[in-house]
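See structure below.
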Amino acid sequence: MQDKSIDAPMTQVLTRRQILKVGLFASVACLSPLPAWARFSLTGPSERCLSLLNTHTGERLKEVVYWEKGLYLPDALHDINYVLRDHRTDEIHKIDPKTLDLMAAISRKLDAKRPFEIISGYRSPQTNRYLRSISNGVAKNSYHIQGKAVDLRLPGVPLRHVRKAAIDLRMGGVGYYPQSDFVHVDSGKVRQW
């Protein structure tokens, strides 16, 4: 005697409604509201590090690990905040870790071998007002004042490649300033100029 379950067809007839539900769930999964920076924070290596050179002060940080096993490391963040301080006033401000994550992702994406050269990190309101008075390209409510933006370049990497890497990551704002030789990155909404 033969087992009827083996002879029975293995396909199940799906209704139109079931097919539409599957399509809807697949679409929602692909268009997940999880921001890009959060996806980055859930993937990748078990630590994140940055190498920095402040072009105004000459101060360097070499491969400082600022995030490890899901935690931001306060001592490393302190050192980064110091190097990214307003060099005109010496004011130190907390730099948004999402901005640091964007920088680390750019470095990793480009397989950078040299430190980021920092043109501008935190800017005090006083410095920002001064820069606005001498340049049209400085925003009144700049993300630099909030510690959410950094102007940078990577020696040995064409500026347009740094820009493209930052845009491709979709982790924040990206400004391109080839005449001034830097790319602006910030942890604001995804946009480019």
Out of all the residues in region 52-101, which are open to solvent by less than 60 Å² (accessible area, probe 1.4 Å) and within 15 Å of the chain's Cα centre (by Cα)? Tyr66, Trp67, Ile95, Asp96, Pro97, Thr99, Leu100, Asp101
Taking region 139-180 and keeping residues surrounded by fewer than 18 Cβ atoms within 10 Å (Cβ to Cβ) and basic (Lys, Arg) leaves Lys140, Arg160, Lys164, Arg170
Subset of region 133-183 [over 13 Å from the mean Cα position of the chain (by Cα) and among the charged types (D, E, K, R)]: Lys140, Arg153, Arg160, Asp181
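Quick grid of which residues meet (1) at pLDDT 95 or above; (2) farther than 22 Å from Lys164 by Cα:
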residue: Arg39; (1), (2): no, no
residue: Gly44; (1), (2): no, no
residue: Leu71; (1), (2): yes, yes
residue: His78; (1), (2): yes, yes
residue: Arg85; (1), (2): yes, yes
residue: Arg108; (1), (2): yes, no
residue: Leu131; (1), (2): no, yes
residue: Ser135; (1), (2): no, yes
Do we have Ser124 as modelled with pLDDT of 95 or more and small (Gly, Ala, Ser) here? yes
Looking at region 143-162 only, could you name the residues that are touching a residue at least 12 places away in the same chain (Cβ under 8 Å) and over 16 Å from Ser120 (Cβ atoms)? Pro155, Gly156, Val157, Arg160, His161
Could you tell me whether Ala166 is under 14 Å from Met103 (Cα atoms) and among the small types (Gly, Ala, Ser)? yes
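For region 162-180, indicate whether the set of residues that are of a type in the set (D, E, K, R), within 28 Å of Val65 (Cβ to Cβ) and in contact with an Asp or Glu (Cβ under 8 Å, 6 or more places away or on another chain) is non-empty. Talk me through it step by step, then tell me what you get.
Here is the first cut: in region 162-180, the ones of a type in the set (D, E, K, R) are 163-164, 168, 170.
When the remaining residues are screened for being within 28 Å of Val65 (Cβ to Cβ), the result is 163-164, 168, 170.
Next, from what is left, pick out any that are in contact with an Asp or Glu (Cβ under 8 Å, 6 or more places away or on another chain): none.
No, region 162-180 has no match at all.
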Has region 86-95 got any residue that is assigned to a strand (DSSP E or B) and among the charged types (D, E, K, R)? no
Regarding Ile119, is this residue in a strand (DSSP E or B) and farther than 22 Å from Trp67 by Cα? yes
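The values are calculated or read from the model by the stated rules, or taken from the named source; none is laboratory data. Nothing here was measured: the structure is a model prediction, and the numbers come from that model. Glycine also receives a Cβ, built like all others from the backbone with ideal geometry; neighbour counts cover every protein chain displayed. Surface accessibility is based on the protein's heavy atoms, side chains included, excluding ligands, DNA and RNA. Shrake-Rupley method; radii C 1.70, N 1.55, O 1.52, S 1.80 Å.
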